[in-house]
1. Quick check on segment 223-231. Is at least one of its residues buried (at least 16 other Cβ atoms within 10 Å of the Cβ) and farther than 30 Å from Y52 by Cβ?
2. Among the residues of segment 202-217, write down those that are under 30 Å from M33 (Cβ atoms) and exposed (fewer than 15 other Cβ atoms within 10 Å of the Cβ).
3. List every residue pair whose Cβ atoms lie under 9 Å apart, where the two residues are 6 or more positions apart in sequence or sit on different chains, the first residue falls within segment 155-173 and is in the same structural domain as L132 (by TED's automatic domain parsing), and the second residue, located anywhere, is among the acidic types (D, E) and assigned to a helix (DSSP H, G or I).
4. Name the pairs: first residue in segment 1-21 and over 12 Å from S72 (Cα atoms) and at pLDDT below 95, second residue in a helix (DSSP H, G or I) and aromatic (F, W, Y), Cβ to Cβ under 7 Å, at least 6 apart or on different chains?
5. Quick one: I197 ticks every box in (1) over 18 Å from Y133 (Cα atoms); (2) surrounded by 22 or more Cβ atoms within 10 Å (Cβ to Cβ) bar one, so which box is it?
6. Could you identify the single residue in L336, L365 that is in the same structural domain as V79 (by TED's automatic domain parsing), in a helix (DSSP H, G or I) and either at pLDDT 90 or above or surrounded by fewer than 24 Cβ atoms within 10 Å (Cβ to Cβ) (or both)?
7. So if I check each of V302, V275, V190, which one is in contact with a His (Cβ under 9 Å, 6 or more places away or on another chain), in the same structural domain as G371 (by TED's automatic domain parsing), at pLDDT 90 or above and buried (at least 18 other Cβ atoms within 10 Å of the Cβ)?
8. Residue under question is A237, and the condition is that it be modelled with pLDDT under 85 and buried (at least 19 other Cβ atoms within 10 Å of the Cβ); does it hold?
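The values are calculated or read from the model by the stated rules, or taken from the named source; none is laboratory data. The model shown is predicted, which means the values in this text are computed figures rather than measured ones. Note: ideal-geometry Cβ built from the backbone for every residue, glycine included; neighbour counts use all protein chains shown.
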Amino acid sequence: MVSKGKHRRGNLPIEGSLVLTATLCLLAFGVVMVFSASSTTSLLGESADGAYYLKRTVLFGVVGLLILRVLSLRGVAIVSRLTAPLLAISFVLLLVVLIPGVGVEVNGASRWIGAGFFQVQPSEIAKLALVLYGAQLLATRPKMVRSVGTLAPFLAAIGLACLLVVVEPDLGTAMVLCLTAAAMLVAAGVRTRDLVILGAALGVIVMVAIAIEPYRMARLTGFLDPSADPAGAGFQATQAKIALGSGGIFGVGVGESLQKAFYLPEAHTDMIAAVIGEELGLAGIAMLAGLFGVFGYAGLQVARRARDRYTKLLAAGITCLVMIQAVINLFAVLGLAPLTGVPLPFVSYGNSSMLVLLAGVGLLLNIAAGGRAAGMSPKRSQSGAAKLRAIEGGRSTSSAAARKRSSSTSGKRRDSRGGNRGTRRSGARSRRRAAR
């Protein structure tokens, strides 16, 4: 018979199986749609190979799955020791990519390092590094959540990373970093008043960042009224709507999209959901949203059932990182938010994004199987896990335990008083019988 501890570590519970299933389905979905969305443009472009992006997606997908497998075994114990070096490396890469002649510039943005076949996007590494740093900091120093001032170390790291990313420029990724950090602060128990203050400050900063860059202001006006400039600022949003409208309920068929070839920019990356809507219709978009819904639900269940405060926060942070990117991308394609250039997790073409997110899923699976940070004792794990009401739901475990102890103590006192009264009455009756 397998012991309870071995069963917990060796076999995935239902929420872990759901995370893995949703991830694999999204990857398979992405492989098919990347090939469909890129085959025509690849033939018409310099590569003259309709399977160019498909081959790269499959190759990096296999590498990502190997990383997922390794981290699903002892990933949390490994990354808990490497959080500081990984964060430092991500900041160095974010600085290096801004050096003229070092960073690879595409469409006016310098976001990649490398050459030829292998290129790395430092901002993708920074996403996971900051989630790891936030989980470690908020777990080992739980009193940080008492005020905005005590959150300074975490806010400073997020602010510096966002500043470097905005300079690239990449406002969409900076928004993902800020929203993921906000989700982790909610999970850690930051007060609503402090969240409102941070949200207001973030809103002002975003509006200033939009106002000082003409292309960002053009994207905002294109979102508010795409028909005002359908050939300019509103072109991409207008073509996405045409693609979605052309698909109807069940789509025109895989590979039959017209928008991807001649009208829809970045069809295999940021706008791949529009191609899905055209080729698979509303049914395809609903299936895509359903898979992300399963991933989000299962990931938060992993966080709720994790063994200590650190793994709870880490699981919540990774889940929110994936879901925030998915929501931003889908909202932008559907015309519910401005275009930001944020890829659709596991589905859009993007090697760095795929590798980093699959590494995050590997950590989620390790947490679901019972993994915890190196050096975290069971006693410390239980005491830390009892304080995350935002993840657990309802009242905290510590409060419930306190009420139980109080109820037990008061019950014992009542029993004790009742027992004494019974003894005194019995003694009085005995004395009266002796007197007779």
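1. yes
2. Y215
3. Once the first residue is in the same structural domain as L132 (by TED's automatic domain parsing) and sits in segment 155-173, its partners that are among the acidic types (D, E) and assigned to a helix (DSSP H, G or I) give T173/E124.
4. Between residues of segment 1-21 that are over 12 Å from S72 (Cα atoms) and at pLDDT below 95 and residues that are in a helix (DSSP H, G or I) and aromatic (F, W, Y), there is no close pair.
5. Going through (1) over 18 Å from Y133 (Cα atoms); (2) surrounded by 22 or more Cβ atoms within 10 Å (Cβ to Cβ) one by one, I197 breaks only (2).
6. Within the list L336, L365, the selection yields L365.
7. V275 is the lone residue from the list that is in contact with a His (Cβ under 9 Å, 6 or more places away or on another chain), in the same structural domain as G371 (by TED's automatic domain parsing), at pLDDT 90 or above and buried (at least 18 other Cβ atoms within 10 Å of the Cβ).
8. Values: modelled with pLDDT under 85: no; buried (at least 19 other Cβ atoms within 10 Å of the Cβ): yes.
Here the answer is no, as A237 does not meet what is asked.
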